[in-house]
Each structure stands twice: as structure tokens, then as C-alpha cells.
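Just so it is clear, none of the values below were taken in a lab; they were calculated from the coordinates. In this text the structure is predicted, and so the values were computed from the model without any measurement. Here the Cβ positions follow ideal geometry from the backbone for every residue, glycine too, while neighbour counts run over all protein chains shown.
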Amino acid sequence: MNIKSRVHRTIRNFNNYHEMIGSNFDFRDLRFKKNEICYGIYENVPDEKNERIVVTSMGLYLFEKGIWAFVSYVEIESLKLDSNKEEIEYITLLLKNGRTFFLPVRGRNRQYKDIFEFSRFLNRVISDLSR
């Protein structure tokens with residue numbers, strides 16, 4: 001299954017996620033790669049740029065401390081979630097080069113935290129790309 005379909009099935013209905021069609025987000029400080037498609041933005045804090053996640057066809061961009069950090073889906077070896085489900089706020093991405101990337105996902109809809117569906121999205125994408 002392609003990444004766009006995974007986005008559509010798992011994260012597009014989050015309250016904090018906004019599809020790019022018809023959006024008014026400003027990306028002047030973010031440079032996409034050639035042929036990269038931006039699907040949407042996940043805002044950890046609505047209307048705040050810090051910790052904003054941009055979901056694309058090639059990976060994720062995280063705005064943190066004034067800069068955009070990029071992690072490609074193909075770089076991700078695996079991911080971990082904290083065992084304390086009540087306080088969990090980060091997905092730990094273990095990269096193939098041995099580095100670790102912490103991805104904050106703080107939103108929720110009523111009783112469920114977005115982090116669990118976001119991690120499911122990433123697990124599915126990793127699995128699709130490894131086939």
C-alpha cells in the first residue's frame with residue numbers, strides 16, 4: 001500500500017492533522033526534495049509552529065528549536081513507545097545508522113491518544129517499504 005493511502009487510513013482524522021489541500025500553511029523555510037509530495041501537517045499544539053510535523057511521501061519533518069529536522073521512512077529501523085501509556089508523548093524512532101529520533105505526538109481525541117495510531121501508521125509504512 002502506498003504512503004498516501006496509509007495517511008488516509010490512519011492519521012487524516014486526527015483533530016491535530018490538516019491535509020494540505022486548501023491549507024494556508026507557510027512553508028517558506030522548508031525545502032522539499034525533488035518529487036516529494038506533502039500530504040499534511042500534524043500540530044502538537046494547534047496554531048503553534050514548534051513541534052509541528054509535516055508528513056510527506058518521503059518522510060517526516062519536525063520543527064523543533066527553530067529548525068526543521070528530517071527523517072526518511074527508509075532510514076527507520078524500528079520504533080519504540082514508552083511503557084507508561086498514560087504519560088507517553090514521544091515515539092522513539094531507531095534509525096538504521098544507530099541514531100535515535102524523538103517524535104512528539106501529543107494530541108488526543110476524547111479518550112484515545114494520537115500517538116498510538118501515529119505509531120501504527122509508521123509501522124505500516126516501514127513494513128510496506130521493506131517488502
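A compact table of results
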| item | result |
| --- | --- |
| Close pairs (8 angstrom Cβ cut-off, 6 or more residues apart or separate chains): aromatic (Phe, Trp, Tyr) in the range 77-92, assigned to a loop (DSSP other than H, G, I, E, B) anywhere | 90/82; 90/105 |
| Any hit, the range 65-80, residues being touching a Phe, Trp or Tyr at 6+ places or on another chain (Cβ under 9 Å), assigned to a loop (DSSP other than H, G, I, E, B) and loosely packed, with under 12 Cβ neighbours inside 10 Å | no |
| Selection within the range 91-131 - farther than 25 Å from residue 2 by Cβ and surrounded by 15 or more Cβ atoms within 10 Å (Cβ to Cβ) | 104, 106, 113 |
| Test: residue in the range 51-61 that is closer than 14 Å to residue 121 by Cα, in contact with a Lys or Arg (Cβ under 9 Å, 6 or more places away or on another chain), in contact (Cβ under 8 Å) with a residue 40 or more places away in the chain and not in a strand (DSSP E or B) | yes |
| Filter result (closer than 20 Å to residue 109 by Cα and under 11 Å from the mean Cα position of the chain (by Cα)) within the range 44-66 | 44, 51, 52, 53, 54, 55 |
